[in-house]
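In what follows, a structure is listed as structure tokens, so that the remarks can point back to it.
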Amino acid sequence: MILKRIYKELPGTIAITIHDSIMTGILTNNVKSVLKIMKEELTKFIGASPQIKIEEKREILRRTREEEQYYKQYDSTAFVNCN
């Protein structure tokens, strides 16, 4: 439901899920709006405001060389991560 709402309310925004995170692309990065939608939808679903952490690209790419090559394919600026 979160991605559906992001695509409806933020046309042109690229957002994909990775496990418990939503990643936005460098050209369509709209972290504040994505964060707002996530909080609203998750609060409706679980009945309480979730703790959400934003990770910048430099934090994400602290990985092994093999993992780093994989993640460089997806040049993103931020994950919005629900913990």
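Exactly one condition in (1) surrounded by 13 or more Cβ atoms within 10 Å (Cβ to Cβ); (2) closer than 16 Å to M1 by Cα is not met by V31; state its number.
V31 satisfies all of (1) surrounded by 13 or more Cβ atoms within 10 Å (Cβ to Cβ); (2) closer than 16 Å to M1 by Cα except (2).
Test each condition in (1) in contact with a Cys (Cβ under 9 Å, 6 or more places away or on another chain); (2) of a type outside the set (A, V, I, L, M); (3) free of Cβ contacts under 8 Å to residues at least 60 places away in the same chain for D20 and report the one that comes out false.
Only one criterion is unmet by D20, namely (3).
With the requirement that a residue be in contact with a helix residue (DSSP H, G or I) (Cβ under 9 Å, 6 or more places away or on another chain) and within 15 Å of I54 (Cα to Cα), what does the range 24-41 give you?
Looking only at the range 24-41, we keep the residues that are in contact with a helix residue (DSSP H, G or I) (Cβ under 9 Å, 6 or more places away or on another chain), and these are 24, 26, 30, 33-34, 37-38, 40-41.
Within the range 24-41, T24, I26, N30, S33, V34, I37, M38 qualify.
Looking for something β-branched (V, I, T), surrounded by 10 or more Cβ atoms within 10 Å (Cβ to Cβ), modelled with pLDDT of 55 or more and closer than 26 Å to P11 by Cα - is there at least one such residue anywhere in the range 53-69?
Initial filter on the range 53-69 (β-branched (V, I, T)): 54, 60, 64.
Add one more test, that the residue is surrounded by 10 or more Cβ atoms within 10 Å (Cβ to Cβ), and what stays is 54, 60.
Those still in the list that are modelled with pLDDT of 55 or more too: 54.
Restricting the remaining residues to those that are closer than 26 Å to P11 by Cα gives 54.
Checking the range 53-69: at least one residue is β-branched (V, I, T), surrounded by 10 or more Cβ atoms within 10 Å (Cβ to Cβ), modelled with pLDDT of 55 or more and closer than 26 Å to P11 by Cα.
Applying the selection to the range 30-53, what residues are outside any helix (DSSP H, G or I) and not small (G, A, S)? Even if it seems obvious, please write down each step before you answer.
Of the range 30-53, the ones outside any helix (DSSP H, G or I) are 30, 47-53.
Of everything in the range 30-53, those that are outside any helix (DSSP H, G or I) and not small (G, A, S) turn out to be N30, P50, Q51, I52, K53.
The values are calculated or read from the model by the stated rules, or taken from the named source; none is laboratory data. Remember, predicted model here, so these are calculated numbers, not experimental data. Cβ coordinates were reconstructed from backbone atoms using ideal geometry, including for glycine residues, and neighbour counts include every protein chain displayed.
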